[in-house]
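Working notes for the structure below.
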Amino acid sequence: MKFQIRCFSTILCVLLLILIFFFFFRWRYIDDDGDPIGAVYFTEIHERRTSSFLNDYMESKDNNYFATQNLTVPILVWWTPFTYDTGSYIQCRNQTQCFISNIRKYRDNKQFSAFLFYGTDFRLYDLPLPRYEHEQWSLLHEESPKNNYVFSFESIMNMFNHTATFKRHSDEPLTTQWLASIDDLLDQTYVIDVQEKTQLQKTENLAPIIYIQSDCNTPSDRDLYIKELMKYIQIDSYGSCLHNKDLPENLRNSLETMEHNEILKLVGKYKFALAFENAICTDYITEKFWRPLKVGTVPIVYGSDQFQNFLPDNHSAISILDFATPADLAHYIHKLNINDTLYDFYRHFKLNRIISNDTLLVRTMSTRTWGIHNDRIRGNFINKFECVVCERVHKTRKDSTIKYQAKFEDYGCPPPTTFDRHGKKLERTGNWYRTYVYTRCQVEVFQELIDQKNYSFTEKDLYNAASKRFSPSFQRNEFLR
């Protein structure tokens, strides 16, 4: 009996040690004495704590705590709370160290060096103004302009020193944020023979094209085009948008199931998949683009105007921009659907497991130092972004002549477009174009306030001034088609 109790106690202790190790390995923070504990790994889609967590922590400290903390390395502050980290050290290449926190009060510490902003939460009425000369600003924004149009304007991009966006010109490009490895593109786990795909269209009543999307009001206005395309060819639409076919109930949460094994199997059954992004901008490429390529289905693409640079070869996807009308596109898809040789021409890289040329895709993946899906070895692009800023801050401290400046091309997306009822592309019209123009009015007002050294404006002040400027602008012919 005593032996059994000892064994049970030993097992309990081991389990407890494992739990403690896992906890400290996963989350990092700093104790009241300033000693770092553990390391953190966040997923790109991570659970967000509430701001009350930071507020409670700050209230537990006296007024001078953050300004007088005796830190010996540069301090980087997430102005837009992103990781909800109260404070921790990171160590990057060449033993470079920085202290990172989501607490804004660290700005008063003599070691403070840089702010980090997450683009979706960036607000013109809530910025650390006035900006001091020694402060560096850094932008992380992997999302499309749908989330925040302010980065489509040059004056805003000029405010930053460092960037990590989906643009290839960014300091840390995130163009391949949804692709784990080149091997994923060459893997044949989900590949189905073309003749079997043809048979499945009959036995399982499958359309030639699959569409899975539940974000139905987007700047690309993709559903207007797809609705017209549906007049000429059958499309199975499983998401909320243009819905005509049901997913199994366990696969209906798109965020949780976009890479689910059963979703990949389903997409693999179809010959074609619509890969229409929610907004149109160079290098904005998401799982909609990669997923069909991973399963041996041909993507029909509307998104980045240079998506071909990231294809395995120059004939593995179809662009809607190569066709004058949705009817013309449908005619071409019908042609491929009944011709196995022509269809498999688009799958040559997949069937033969060959990346045929030195594409930008290969170069990008070979130099990328971060991973996805909680990569414990390489971390993720959030870790990488923090280190890029940390290393650059150390360089500018050693040599004050070194300057970093973001470029418009680090984001800088064009105005949104829409389609008419025949699928013809239209510019300078539509609800999302109005959102773009209103944002431009906000940016103009913001810039004028800054030029006047007026830093105390509120959200309401900015809204009222921009609204006055916006309303008359849409009476002008230049904004109407």
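A few notes on this one:
- Of the residues Thr175, Phe470, Ile355, the one whose Cα sits farthest towards the positive end of the charge dipole of the chain is Ile355 (charges of +1 on Lys and Arg Cβ, -1 on Asp and Glu Cβ, taken about the Cα centre).
- Taking only the Cα atoms of the chain, the radius of gyration and Dmax are 25.5, 90 Å.
- Magnitude of the charge dipole, segment 373-426, Cβ model with Lys/Arg +1 and Asp/Glu -1, debye to 20: 40 debye
- For the listed residue pairs Lys167/Lys271; Lys167/Lys395; Lys265/Lys294, the alpha carbons are over 22 angstrom apart in Lys167/Lys271; Lys167/Lys395.
- Ranking of Met58, Met157 by count of other Cβ atoms within 10 Å, fewest first: Met58, Met157
- Neighbour counts of other Cβ atoms within 10 Å put Asp375, Asp246 in the fewest-to-most order Asp246, Asp375.
- Ranked by the mean number of other Cβ atoms within 10 Å per residue, highest first, peptides 169-179, 416-426, 196-206 order as 169-179, 416-426, 196-206.
- Solution diffusion estimate, µm²/s, Stokes-Einstein, segment 140-189, Kirkwood Rh from C-alpha pairs, 10 °C, viscosity 1.306 mPa s: 126 µm²/s
- Shown in residue order for segment 63-73 are the 3J(HN,Hα) couplings computed by the Karplus curve 6.51 cos²θ - 1.76 cosθ + 1.60 at θ = phi - 60°: 4, 9, 4, 6, 6, 9, 4, 7, 9, 10, 10 Hz (x for Gly and Pro).
- For segment 202-210, Karplus couplings with θ = phi - 60° (6.51, -1.76, 1.60), whole Hz, Gly/Pro x: 8, 6, 10, 6, 8, 6, x, 10, 10
- Under 5 Å between amide hydrogens, built in the peptide plane, is the criterion, and for Phe112 it picks out Ile75 among residues at least 5 positions away or on other chains.
- The HN-Hα couplings worked out from phi for segment 354-369 by the Karplus form 6.51 cos²θ - 1.76 cosθ + 1.60 (θ = phi - 60°) are 10, 8, 7, 8, 7, 7, 4, 4, 4, 5, 5, 5, 6, 9, 5, 9 Hz, whole numbers, x standing for Gly and Pro.
- Summarising the strand pairing of the chain, around 20 percent of its internal DSSP beta bridges are antiparallel.
- Of the trypsin sites (Lys or Arg not before Pro) found in segment 431-462, those that fall in a DSSP loop while having at most 12 other beta-carbon atoms within 10 Å are Lys453.
- Here Ile285, Ile210 are placed in order of increasing Cβ neighbour count within 10 Å, fewest first, which gives Ile210, Ile285.
- In this structure the amide hydrogen of Thr282, modeled in the peptide plane, comes within under 5 Å of the amide hydrogens of Asp305, none closer than 5 places in sequence on its chain.
- Sorted from longest to shortest, the spans of the Cα atoms of segment 334-466 along the three principal axes equal 66, 53, 28 Å.
Since every read-out is calculated from the coordinates, none of them should be taken as a lab result. Predicted model, so just to flag it, every value in this text is computed and none were measured. Neighbour counts are summed over all protein chains in view; Cβ atoms, including those assigned to glycine, are modelled from backbone coordinates with ideal geometry.
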